[in-house]
Every structure is written in structure tokens, then in C-alpha cells.
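The values are calculated or read from the model by the stated rules, or taken from the named source; none is laboratory data. Because the structure is predicted, anything quoted here is derived from the model rather than measured. Virtual Cβ from ideal backbone geometry, glycine too; neighbours counted across all protein chains shown. Just so you know, the surface numbers come from the protein's heavy atoms only, side chains and all, with ligands and any DNA or RNA stripped out. Shrake-Rupley method; radii C 1.70, N 1.55, O 1.52, S 1.80 Å.
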Amino acid sequence: MTSHFHVCRRRSLAALALSLALFLVSGSPARAETPEELLAHVPTVPTPLLRERLVSKYVVILLSKYHYHPQNITPALSAEWFNEYFNSLDFNRSLFLESDLEDFRSFESVLWDQRTMTANLEFPFKVYQRYLERVRQRALFSIEAIDNSHDFSVQETMNTDFKDLPWCKTVEELENLWRQQVKNALLANRLQEEKDAAKKKKAGEADDDGATAKKGHDAPAPAEQAAPAEQAAPAEQAAPAEQAAPAEQAAAVPSTEAAPFPERLAKNYARSYLRRAEVEAINILETYLTALTRVLDPHSAYMAPETKENFDINMRLSLEGIGATLSTKDAYTVIVGIVPGGPADRDGRLKEGDRITAVAQEGEEPIDVVEMPLNKVVAKIRGPKGTTVHLTILEEGSNTPTLVSIVRDEVKLTDQEAQSETRQLSLPDADDPAHVLIIYLPSFYADFAARAKGDPDYKSSARDVRKLIEKAMAEPSPPDGVILDLRGNGGGALDEAVDLAGLFIPSGPIVQVRDSSGKIDRKEDTNPAVSFAGPLIVMVDKLSASASEIVAGALQDYGRAIIVGDASTHGKGTVQSVINLANVRALSQASSRMPDPEPGSLKITISKFYRINGSSTQVKGITSDISFASFLDLLDLGEEKLPHVLPWDQIQPLKYESMNQTADVLPALLEASQKRRQENPLFSEYQKDIDFYADFRADKQLPLELTQRRQYQEDEDKTVRMFRKFQAQRKNARKRNIARPDEDDIDVANAQDLILEETVNIMADYISARRQQAAGPAATAAADPRDDNALHNNALQR
């Protein structure tokens, strides 16, 4: 196969190539400093050995047997695997030419031999060789382009939406794309330097004013106290657009003695190449096999040994982390969860969807981590407790990177536990106030080890919620209504979800779990005791997933709770299991013949969740009864945004007795809520912010002309402030202080959670309706929630 790429023979490029020739070596070079030395490594690819051959064989076999939707590798599926592998290596269409794919087209339908039960390993390793050549060629071109003259007065834009872009047909197309990426990086840096200079000037003027005040009044200046390291927000260092070529993601620098920006950018290109060149055969195989699993569904994956160690990087168990769950999307390390109570949660700046582009230790230069394996990124983020790690991030929806410095610390379990508060409400035409218990549940947790040992006091989310309810019911004024806030709750232990839902119903089925054979496992609450029987509202958002959806769905199906929040929840209705490939007999028996016998693991989707009404929670999630506009609905969150998702479907509903506690009041509650929101100026402002945010995100063209780009960044800054205000509202509701000196334009301390406050109003209407019914001639003993709970006090205690 021949390469169709011909680099232009400019004199400067030839000179650079000549200088590289002086450093050419084979194998892995010693760590170098200059771009020339970094690019001197000859692009060679390791050879797959026995381990790679056996791993590929049994991963395919296991997928065909145990995946929820098992499939044989047909020619059509092989073709999807073929395309997904190219997409995995070059997600933004900035390296391969269309002719490259044609060069390898003979492999397209034959990546698996059903007769010999073997995977074709010639294809992925030859493609990776071509990939390395392209990365090196891009680095050579781009480093030269850094020194070229760029005209920022030319009307030009760069496309940042790569989802449906075709592969480039010519060398000229690729080179133009690379030129735009370099120009974008230089332009963003120029604007950032202007911004930094303005901040510095403003800070200097403030210092002068403070000194004058101190001299005139002989009193301390009223200047704000400097924040500690973990809260300080250093000046943002500019970098290219969020979907720009990985190598040009210039990192924000935590040191004032940073190298000049062009030098750092050149080194990033060179390092990007070297990092890809220094891979082992098992790492190439991981990309190849995960391309296959992604064709089946987005949550299955082959994990090489190092990746296995950091599976679903949940730092709640790490005493030396930042408290964030990380994953990989395209070329980026993406934050998919913030652990309640962890350093990142207390700092408040990181959120789901943010991409980490560089990591720096205290006093050291940032290291570009775009396209770096997840386990290596995690190793850089982790470190001794009390030390600071500097993360360069691209906020979700932003094209400008931010430097976030966080002090590593332990995640405190107490901050992850259920919390509650009680509010007293004045009701119209009522002498007696109402009391509402608001329960915040950040995750479904359980101390499985303590439970296995028979510890009667083991920690669990359902038990903690029950205790909060019992404590409130023992007060002189017990709650008339309960609001269960599951916003941001990504799930957890399935048994905890079943037990939690059971706190609010006498007994019955909660969820169905169907495996690949069609066998259905029905999960039931068997305890007839009810902790609270009165008006119940469950709050959800787009980040409420898995176990949260099970609870919300069950309580909605029973007619027991009104669901309030975003239009729908996340929609993750699948279950994964991890198979340790070392337990596969053939791999175990062959381990003595392998230089490195560790085979890694296979994370595989094995079942799906279904509501008791027969509807899957997959993709559609749970639809709110009363919904609000939300910033989260505009982000790339939710199962439906992922490729190759398993579809929504239905199975037979279960027999269950509806409690019919919501249908009669819901229309009136919805109408009253909509009227309040229309008349509330805060909701009007909130809706305007969302509309502005939506319009900005819809524009996928990034200006490369100076004046237009200045306006673009002003609008971008507005959207970032809008989202941070939205975050502050949610955080403030849970009494977390995230105020920082750089956010004095956001009144965090007084930020009001509009959604929660309106939910409290809905609950007030709900309680009023029930009291009016209780006062009427058709009143029943079950109409007053406090009477209900008096009856349940004699029931079996949980």
C-alpha cells in the first residue's frame, strides 16, 4: 500500500527535516527537550504477539456470547468496525485522507474469520503505522506554520462540528485545516494576552487605590483576602477551539516564568507525536477492540491492563485525588461526575462535560494530555494529599481553556451522605403553616463490606433517608410533604434504589432487569412499612441516571410521586459487567508463554432496566410531570447523544396496584406553576439566559478574524457566567460555598435555586389541595399525610 500524502518541499520545512535527520534513532529515544529531538523518533509500530492474538480472539467470542445484543461478526458488522477504528484514531478528520481508507479497503469486510475464530491484526497495526506518519507530518507542517505570517483581518472561520464531516480528499485540504488550527491558537493567545494585560492593569489600579486609602485613613485596605491555592483562579491562557487538533491544545501555565507561547505550541505538536509513537502493542489492540465494542453499544469496552486499574476512575475511594469520575470521549479526558464532598466539589469550578487538556504539577510545565490514555492522565492527576494539581480544561460549551488549580485531598464520606432541611410554609386561607422536608441525595451508596460482615449499623443511602424521615416525623411539627432531590445523582447500588423507593410504598415490584437470553429478574420491595405516606415530589435533571431513574420511574408508575425537573433524565438503562480475561482458561494456560501475561478485562453490557409499566429507561429516561427549561438539556449529555446506543423498547408490564395520589391534582399544580413562572422576573431572566446560551452553542463556526473573534469571546464569556450562575444556584441549595474572588460578578452566597424554590411552591399547592379535600365531605383518612403516617407508625419498622 502506498501513501498518497506528499508534503510540500518548502525550504524551511526541508531545513527542519534535515535537522531531524541528525537525531534519528530507532526504538524509544531518551526524553528530549526540543521539538526537533522529539520529532526525531522514527515512526515504527510494535508487533502483536501471542497475548494480543489470544485477547482479540476471546474478546470477540465473549461479545458474541454474552453481550445483551449478541451478534456474529458479519461482513456488514466488520465494515462498521473498520470505520469506527478510523474514527477512534482521528475523530475530527484532521489526519487521514479519504485515500488512506481506500488503501485499506480490502480489510473492510474480513476483520474476523469465523472459520478459524481469529481477528485480523494486520489491519489495525498497519493503519496505526500510517497514523503515526500523518501525526508526524502534521507536526512538521504546523511547527513551520507557527512562524509564518497570519493575517487576522481576513474574514475566515473554522468549523468546529466534525460529526458528519467527510474525510479530506487532498493534501491541500489537510494543510489548510492545519493552518487554520495554528492560526486559531495564535489568535486565541493574542486575545488572552490582551485580557491578562487588562486584568493586570485593573489589579494595579486597585492596589494603588488601596495604598492611598491606607495612607489617608491609617487603616487596613478593604481589598479582598487572597484565596487559598485550591480556590485561586489564575489567568486563563488561551488555546484553540474545543474541537481543534489535539496537538495544538496549548495549556494554561501556572507559572509566571513560562516559555513563549509559540515555543510551547511547537513542543506540544512534537510531544503529541512522540506520545503516540511510544505505545505498546496492547494499547493499539485496546483502541482496535474498543472500536468493535462501540459498534455494539457505547458502554462496552476492552480495557488493557493499565486501563483496568483505573476503570471508571471514581476517586471517592482515593485519598489522594480530586474527587472526580473521568472517562474518555473522542481524544479527550472528560469529567463525567463530581464526587460530592470531594476537592473538586468543594472548589466548584469543574462540572460534567468539561475536558481536561493539560495537567501540571506545582512549579512544573503543563503536559498536554489530549489523546493520552486515561490511566496515564489519572496518574498525573493523583498525588500526595495536600499538594496542588493544575488542570487546563475546556469547559463544556466553551472554546477557551481555563486553568483550575485544586489541592488534592481525601473525599469525606459524610459529605456524600443524604442530607435534609425542613421548611415552614404559609398556605393561603390556612391558619396552620405547612412543613416540608427536603432530602438531598447525591448518590446511592452502601458499605458492602460492613453489610457482608453483618454489621447492623452499616451505612446505606436508603437507611440514611429513612432515618432522616423518622427524625422529622418525631418533631412536634412533622412534615406535611417530602421533596426528594435526586438532581445530579448518577446512580449507584441497585438494591439501594429498590429499598429507597420502598420507603414510600407499602410493597410491590420496583424494577425489571432483562438479560440477553430474555430472562427477567423482578426486583421487589417486600417490606410493607411506609416511612412517609403524604405528598411526595421527586426532583430530577439530565444528570439523574440509572438508580435515580429506577426510583423516579417506580414512584411515577405507582402514582405515588410527582416528578419535577428537566424535561427528562439521562436515559442510561443498561447494566455492565466486567470480565477478567485472566480467568479465561485459554489465556490462563498460555500465560507462561507470554512475556507479559496480563490480558486486561472486558466491560460488557449484559442487561437492561425496565419500569414496572414495561417501558425501558434506556434513551428516553424518565419524563418529568412538571418540567423546566434547563441549561443541561442544551449540553451533549444523555444517552440519546451517544452513538450506537441500544434502543428504547418495551416488555410486558407487571401487575401492581396504583396508589393514584397524583393524577387528580397534577393538572392544577402544573397550571399554577406555569402562571407563577410567567409572572416571575427571575424566571424570565433565566429563560433569556438559556435562549442566549442555546443560540451561541448552535453556531459551530469559530471566527479567525480579530474583531469578530473579540465579539465571539465576549459572548462566550457571557455563556460561561450564565452557566456558573446556574451552578451556583444548585450548589447554594445544598449549602456548598463555592465563592471565589474571580467570580465577583456572580452573587454566589445569595444565589437562589429557582427550580427548588418553585418546587417548594408546587408542594405548597399540593398540600393545600390535600387539606381542602380532607376538609370536604368526601374526605378520607388518607387525605391528611400526618394521619397516614400515624397509621403507618404501627406498621413493621424498617
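Among the residues of segment 566-574, is any in contact (Cβ under 8 Å) with a residue 40 or more places away in the chain, open to solvent by less than 10 Å² (accessible area, probe 1.4 Å) and among the basic types (Lys, Arg)?
Within segment 566-574, the first condition is being in contact (Cβ under 8 Å) with a residue 40 or more places away in the chain, and the residues that meet it are 566-574.
Right, trim to open to solvent by less than 10 Å² (accessible area, probe 1.4 Å) and you get 566, 569, 571, 573-574.
Subset that is among the basic types (Lys, Arg): none.
No, segment 566-574 has no match at all.
Across segment 168-186, the qualifying residues are those that are within 13 Å of PRO262 (Cβ to Cβ) and among the hydrophobic types (A, V, I, L, M, F, W, C), and the one among them that is modelled with the lowest pLDDT is ALA185.
Pairs meeting the criteria (first residue in segment 430-446 and within 22 Å of ALA501 (Cα to Cα), second residue open to solvent by less than 20 Å² (accessible area, probe 1.4 Å) and among the hydroxyl-bearing types (Ser, Thr, Tyr), beta carbons under 8 Å, at least 6 apart or on different chains) are LEU441/SER461; SER443/SER461; PHE444/SER461; PHE444/SER548; TYR445/SER460; TYR445/SER461; ALA446/SER460; ALA446/SER461. A search for C-beta distances below 9 Å between a residue of segment 118-147 that is under 13 Å from ASP90 (Cβ atoms) and any residue that is basic (Lys, Arg), counting only pairs 6+ apart in sequence or on different chains, returns TYR128/ARG276; TYR131/ARG276; LEU132/ARG276; VAL135/ARG276. Tell me which residues, restricted to segment 84-119, are assigned to a loop (DSSP other than H, G, I, E, B) and buried (at least 16 other Cβ atoms within 10 Å of the Cβ). Residues satisfying the conditions are ASP90, PHE91, ASN92, ARG93, SER94, LEU95, PHE96, PHE104, GLU108, SER109, LEU111. Examine segment 162-184 for a residue that is in a loop (DSSP other than H, G, I, E, B) and within 12 Å of LEU704 (Cβ to Cβ), and state whether such a residue exists. For segment 162-184, residues in a loop (DSSP other than H, G, I, E, B) and within 12 Å of LEU704 (Cβ to Cβ): absent. For segment 303-334, taking the residues that are open to solvent by less than 30 Å² (accessible area, probe 1.4 Å) and touching a Phe, Trp or Tyr at 6+ places or on another chain (Cβ under 7 Å), the one that is modelled with the lowest pLDDT is identified as ALA331.
Results for (1) closer than 30 Å to GLN71 by Cβ; (2) touching a Cys at 6+ places or on another chain (Cβ under 8 Å); (3) of a type in the set (S, T, N, Q), shown as yes or no for each residue.
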site	(1), (2), (3)
ALA590	yes, no, no
GLY614	yes, no, no
THR617	yes, no, yes
SER658	no, no, yes
ALA663	no, no, no
LEU666	no, no, no
ARG677	no, no, no
GLU685	no, no, no
ASP689	no, no, no
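Among residues of segment 78-98 that are farther than 14 Å from ILE284 by Cα and without any contact (Cβ under 8 Å) to a residue 40 or more places away in the chain, those with a Cβ under 7 angstrom from a residue that is open to solvent by 10 Å² or more (accessible area, probe 1.4 Å) and of a type in the set (Val, Ile, Thr), sequence gap 6+ or separate chain, pair up as SER78/VAL110. If you take the residues of segment 497-538 that are closer than 21 Å to SER616 by Cβ and acidic (Asp, Glu), which of them is least open to solvent (accessible area, probe 1.4 Å)? If we take residues in segment 497-538 being closer than 21 Å to SER616 by Cβ and acidic (Asp, Glu), then ASP525 is least open to solvent (accessible area, probe 1.4 Å). Residues in segment 539-565 that are among the acidic types (Asp, Glu) and not in a loop (DSSP other than H, G, I, E, B) were compared, and the one that is surrounded by the fewest Cβ atoms within 10 Å (Cβ to Cβ) is ASP557.
Note on segment 377-393: residues that are in a strand (DSSP E or B) and buried (at least 22 other Cβ atoms within 10 Å of the Cβ) amount to 5. Within segment 335-371, can you find the residues that are open to solvent by 20 Å² or more (accessible area, probe 1.4 Å) and among the aliphatic types (A, V, I, L, M)? Correct list: VAL336, ILE338, ILE367. Scoring ASP525 on the criteria (1) at pLDDT below 95; (2) touching an Asp or Glu at 6+ places or on another chain (Cβ under 8 Å) leaves a single failure, condition (1). The residue that is most open to solvent (accessible area, probe 1.4 Å), counting only those in segment 635-656 that are in a loop (DSSP other than H, G, I, E, B) and charged (D, E, K, R), is LYS655. Scanning segment 49-83 for residues that are outside any helix (DSSP H, G or I), closer than 29 Å to PHE96 by Cα and open to solvent by less than 30 Å² (accessible area, probe 1.4 Å) returns a single hit, ILE73. Going through (1) modelled with pLDDT of 95 or more; (2) surrounded by 18 or more Cβ atoms within 10 Å (Cβ to Cβ) one by one, GLU37 falls short only on (1).
Collect the residues in segment 472-530 that are in a strand (DSSP E or B) and under 25 Å from GLN424 (Cα atoms), keeping them in residue-number order.
Matches in segment 472-530: GLY481, VAL482, ILE483, LEU484, ASP485.
Number of residues in segment 597-619 that are surrounded by fewer than 19 Cβ atoms within 10 Å (Cβ to Cβ) and in a loop (DSSP other than H, G, I, E, B) equals 4. Looking at segment 596-614 only, could you name the residues that are over 19 Å from GLY491 (Cα atoms) and out of contact with any helix residue (DSSP H, G or I) (no Cβ under 8 Å at 6 or more places or on another chain)? Of everything in segment 596-614, just one residue is over 19 Å from GLY491 (Cα atoms) and out of contact with any helix residue (DSSP H, G or I) (no Cβ under 8 Å at 6 or more places or on another chain), namely GLY614.
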